[in-house]
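Below is one structure, written out as structure tokens, with a few remarks after it.
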Number of protein chains: 2
Amino acid sequence: MATQNLASHISTLPESHDKLYKQVALRIAELIEHGTLRPGERIPSVRELSEREEVSIATVTQAYRVLESRGLIEARPQSGYYVRARLWSPPPEPGRSEPTRSATRVSVNELVMEVLKATHAPALVGFGAAMPSMQLLPALQFNRTMASVARRHPRQCNTCDIPPGNLNLRTQIARRAMESGCTLSPDEIVTTCGCQEALNLCLRAVAKPGDTIGIESPTYYGILQIIESLGMKACEIPTYPRDGVCLDELAKRLNSCRIKACVFSLNFSNPLGSCMPDQKKKQLVRLLAERAIPLIEDDLYGTLSHAPQRPKTAKAFDQEGLVLLCDSFTKTLAPGSRVGWTAPGRFKTLVEHLKFINTVGTPTLPQMAIAEFLANGGYDHHVRRLRRVYAEQVRLVTQAIAKYFPEGTKVTRPAGGYVLWVELAPQIRSLELFERAVAEKISIAPGPIFSAKQKFQNFIRLSCGTPWSEATDQALLKLGQIIARMM
Amino acid sequence: MATQNLASHISTLPESHDKLYKQVALRIAELIEHGTLRPGERIPSVRELSEREEVSIATVTQAYRVLESRGLIEARPQSGYYVRARLWSPPPEPGRSEPTRSATRVSVNELVMEVLKATHAPALVGFGAAMPSMQLLPALQFNRTMASVARRHPRQCNTCDIPPGNLNLRTQIARRAMESGCTLSPDEIVTTCGCQEALNLCLRAVAKPGDTIGIESPTYYGILQIIESLGMKACEIPTYPRDGVCLDELAKRLNSCRIKACVFSLNFSNPLGSCMPDQKKKQLVRLLAERAIPLIEDDLYGTLSHAPQRPKTAKAFDQEGLVLLCDSFTKTLAPGSRVGWTAPGRFKTLVEHLKFINTVGTPTLPQMAIAEFLANGGYDHHVRRLRRVYAEQVRLVTQAIAKYFPEGTKVTRPAGGYVLWVELAPQIRSLELFERAVAEKISIAPGPIFSAKQKFQNFIRLSCGTPWSEATDQALLKLGQIIARMM
């Protein structure tokens, strides 16, 4: 990775209480770039640098962690940090998306379901589904918590829990929302059957069939499917792979397309991995609030920052109750539980009613077990580990793309989450690539499922949710060969 | 209970393989009516009657069980069956409902949510919510099953299970559907987050906003809420408290109201407890099939027949794939699990897609645990017990109404389920009664929440889901006094 890229990358990292760590990381990155520190050389110890730069040990530690997750330095046991051998540079990044300017009917559902069916077939090396690997989640510990809760509360856990949902869980969620800059009370939260139900309910609360919804381009296909199934229209907004939605373009289309509400994933969006800087989030919230337009914020990947600190949510800047924050525990802890939640601001009563109408309640035992795991199960420790693992896996897949994919391939550089958005040569049809890959027992997600009108014909999304192995490497090699043959 | 009532009641009991048992039950009922057998007298033993009438032991046993659940005879240990002392006769039944003839917008949601909030407050003697009492469900055994499944399949049970849902569970459901006369394969079934999600998905699959849906009058408020939330209209069909929907009236309104689909609960509907005779179901299915109108069949209470055999579903007569059968395990086994299912006939693919869009998947561990409990946990034994218990509780509440409520009160005589629909004097406003009762820490469900336009002002629904106790008796006495004061 060219250090200039790294430098600008580091500058987009989320702010933390300690803003110095970015400067420290940047300084070391520059030393490496200028050759002052060379591959294989030992860099100053945490203590040395702390004394030299007159910053705290914690600041230097955080800076080194960032450099480590970016693959710039590596820790050697009982020896310190060393500049990593740099044998590759990542491919260039895709540019800003340029969707059509008008609101359109969405027609992507049939294609999505077809792709998903193929993706979930067994014996595939899976880059298709953005499901976290079971090997990375504390399934055993979580199951023990479930069994223990069931034993201690046999009747409660078998009783239907009507909205807003389990109080202990809502309390834990409110407590953790502080990390993303939100002050929430448990009363503002409604638990749901996953983030997907939360998005459904919020959309139904703020818009009607025929209304136009502003979305990122590209966007998660599940959001497109909801919009399509509810008979709404989509207005796709140009989006930068690093900073997210282009606010100037959004401002124009709010009027021209009469946008009723927006659904954005501001932190490590799927599939772009874009992360809107916190200051830009503040502008976004103001822009929408001036027009009283609700923002449904899908923060499913916000926790999975590759840096030690997670970015803020738009909800943190919401003063009008117009941001409906949606999230779940399906990506970080318990995919099988389908437990999610929303903090729908001024739409809370309506969302709570719609939740009751849609599914009556969220399953009780999973809610109780997650509440207990959040309180006592070492969730934060687990999330810290997950952040490091995903950063590393994203780096490894990027490296393999650089090695195996044809010249001209472009790849995003997400600072969180575990998906990569890959732009192939213009003549590659990713739906055809998808079929050829499936025939070789490799799953990928073709670009068209991330667009209202099946654009992004030459893009694919690769999920890096599965731990790296020889099979992953071989599958990426094979994928590169298939692509080369299609050119 | 006048024996004439009993006789006609017995004639509406479901057919079983052995059709003789009804005749035998009827004969004994007549002997009691004519005074040949008098209160306190011993009736012929099962063996005696079997020999005398030349029918099987099983037939007589089944007949005696029916007579016992109807409170006509009682078993005395090691002594045989005796005519029960009859100190009360049940109140008369309400007549056929007479809703307006035209399709109407539904506006009941706000009221329902207000009532539910009050109903779920703690420390109430609960006749309001139709939730089964935890004391009657095998919570401990079911929790053991959950813990055991989690231990044996730690990763699988934590993995997201996309539609159509867990195969073992669908296999068990298909197997049990035979009892209601259905031949289903697991492939025809989609699991859901409770029956409520199934009803939502099915309605969205067969109708659009603005379309008119035929429903029973009165009907379960959850169905009214779905129709309202989807911007559909309702056409309420006159319904008999015993036989269910009036087919002549339905036929008329299918045309005049341009009904797009029907949602009926044919077996022990909520709140009427009506059970459409199987032959009439067959006619209903034919009537709708001739017009290619889909029937969403809510069979949530079908299992809870008070007789040993459960009635058939309309799905059993469906040859066109136009019946979308919906059910769940929330009333018979695991309310907290929110696991339901649908067999949506020719709409299966669409329903499966909508399920994915709505909530992605049904929680995995609850599905696996229910599948295992159905296979090995003694579910059938438990259901047999539940049927007897509910029959008895419905009898006891009916008896208390006869004792404590003012003259002129009318009550349904359900042959299954655990709710009673009570017609009070015309001047009683059940919403006012609801508030007065809540002030006395008694919950009831006021009639207006069961109607699109908040009719049934002088009706209430009483749930008999809680085991009988002195507190139940006292609450019904108090309720009777409140009603009397309002007259």
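Considering (1) away from chain A (no Cβ under 14 Å); (2) open to solvent by 20 Å² or more (accessible area, probe 1.4 Å), the lone condition that residue B:111 does not fulfil carries the number (1). Which of the residues spanning region A:357-371 are out of contact with any strand residue (DSSP E or B) (no Cβ under 9 Å at 6 or more places or on another chain) and at the interface with chain B (Cβ under 7 Å from one of its Cβ atoms)? Answer for region A:357-371, where residues must be out of contact with any strand residue (DSSP E or B) (no Cβ under 9 Å at 6 or more places or on another chain) and at the interface with chain B (Cβ under 7 Å from one of its Cβ atoms): A:357, A:364, A:365, A:366.
With the condition kept exactly as written, say whether any residue in region B:34-57 is of a type in the set (Lys, Arg), in contact (Cβ under 8 Å) with a residue 60 or more places away in the chain and either in contact with a Gly (Cβ under 8 Å, 6 or more places away or on another chain) or part of a helix (DSSP H, G or I) (or both). Give the steps one after another, and end with the answer.
Looking only at region B:34-57, we keep the residues that are of a type in the set (Lys, Arg), and these are B:38, B:42, B:47, B:52.
With in contact (Cβ under 8 Å) with a residue 60 or more places away in the chain added as a condition, the list becomes none.
No, every residue in region B:34-57 fails to be of a type in the set (Lys, Arg), in contact (Cβ under 8 Å) with a residue 60 or more places away in the chain and either in contact with a Gly (Cβ under 8 Å, 6 or more places away or on another chain) or part of a helix (DSSP H, G or I) (or both).
Scanning region A:195-220 for residues that are within 19 Å of residue A:107 (Cβ to Cβ), surrounded by fewer than 24 Cβ atoms within 10 Å (Cβ to Cβ) and within 10 Å of another protein chain (Cβ to nearest Cβ) turns up A:209, A:210. When A:408, A:416, A:447 are checked against the criterion of being of a type outside the set (S, T, N, Q) and surrounded by fewer than 23 Cβ atoms within 10 Å (Cβ to Cβ), a single residue qualifies: A:408. What are the residue pairs meeting all of these: first residue in region A:177-195, first residue within 11 Å of residue A:327 (Cα to Cα), second residue among the hydroxyl-bearing types (Ser, Thr, Tyr) and in a helix (DSSP H, G or I), Cβ atoms under 7 Å, and 6 or more apart or on different chains? The qualifying pairs are A:193/A:359; A:193/B:359; A:194/B:359. Name every residue in region A:172-188 that is within 18 Å of residue A:331 (Cβ to Cβ) and either touching a strand residue (DSSP E or B) at 6+ places or on another chain (Cβ under 7 Å) or not acidic (Asp, Glu) (or both), in order of residue number. A:172, A:173, A:176, A:177, A:180 - these are the residues of region A:172-188 that are within 18 Å of residue A:331 (Cβ to Cβ) and either touching a strand residue (DSSP E or B) at 6+ places or on another chain (Cβ under 7 Å) or not acidic (Asp, Glu) (or both). When each of A:350, A:354, A:333 is tested for being open to solvent by less than 20 Å² (accessible area, probe 1.4 Å), within 13 Å of another protein chain (Cβ to nearest Cβ) and out of contact with any Phe, Trp or Tyr (no Cβ under 9 Å at 6 or more places or on another chain), the lone residue that passes is A:354.
Looking at this structure, is residue B:392 closer than 20 Å to residue B:118 by Cβ and open to solvent by 50 Å² or more (accessible area, probe 1.4 Å)? Can you show your working first?
Working: closer than 20 Å to residue B:118 by Cβ: no; open to solvent by 50 Å² or more (accessible area, probe 1.4 Å): yes.
So residue B:392 fails the test.
Being more than 14 Å from chain A (Cβ to nearest Cβ), open to solvent by 10 Å² or more (accessible area, probe 1.4 Å) and more than 17 Å from the chain's Cα centre (by Cα) holds for only one residue in B:319, B:309, and it is B:319. Among the numbered conditions (1) in a helix (DSSP H, G or I); (2) under 26 Å from residue B:300 (Cα atoms), the only one that residue B:436 does not meet is (2). Against the condition crowded, with 18+ Cβ neighbours inside 10 Å and more than 12 Å from chain A (Cβ to nearest Cβ), how does residue B:173 come out, does it pass? Yes: the conditions hold for residue B:173.
In region A:229-266, which residues are hydroxyl-bearing (Ser, Thr, Tyr) and crowded, with 24+ Cβ neighbours inside 10 Å? Write out each step before concluding.
If we filter region A:229-266 for residues that are hydroxyl-bearing (Ser, Thr, Tyr), which is where we start, we get A:229, A:239-240, A:256, A:265.
Across region A:229-266, the qualifying residues are A:239, A:265.
The values are calculated or read from the model by the stated rules, or taken from the named source; none is laboratory data. Keep in mind it's a predicted model, so treat the numbers as computed, not measured. All Cβ positions, even for glycine, are placed from backbone atoms using ideal geometry, and neighbour counts span all protein chains on display. Heavy atoms of the whole protein, side chains included, go into the accessibility calculation; ligands, DNA and RNA do not. Shrake-Rupley method; radii C 1.70, N 1.55, O 1.52, S 1.80 Å.
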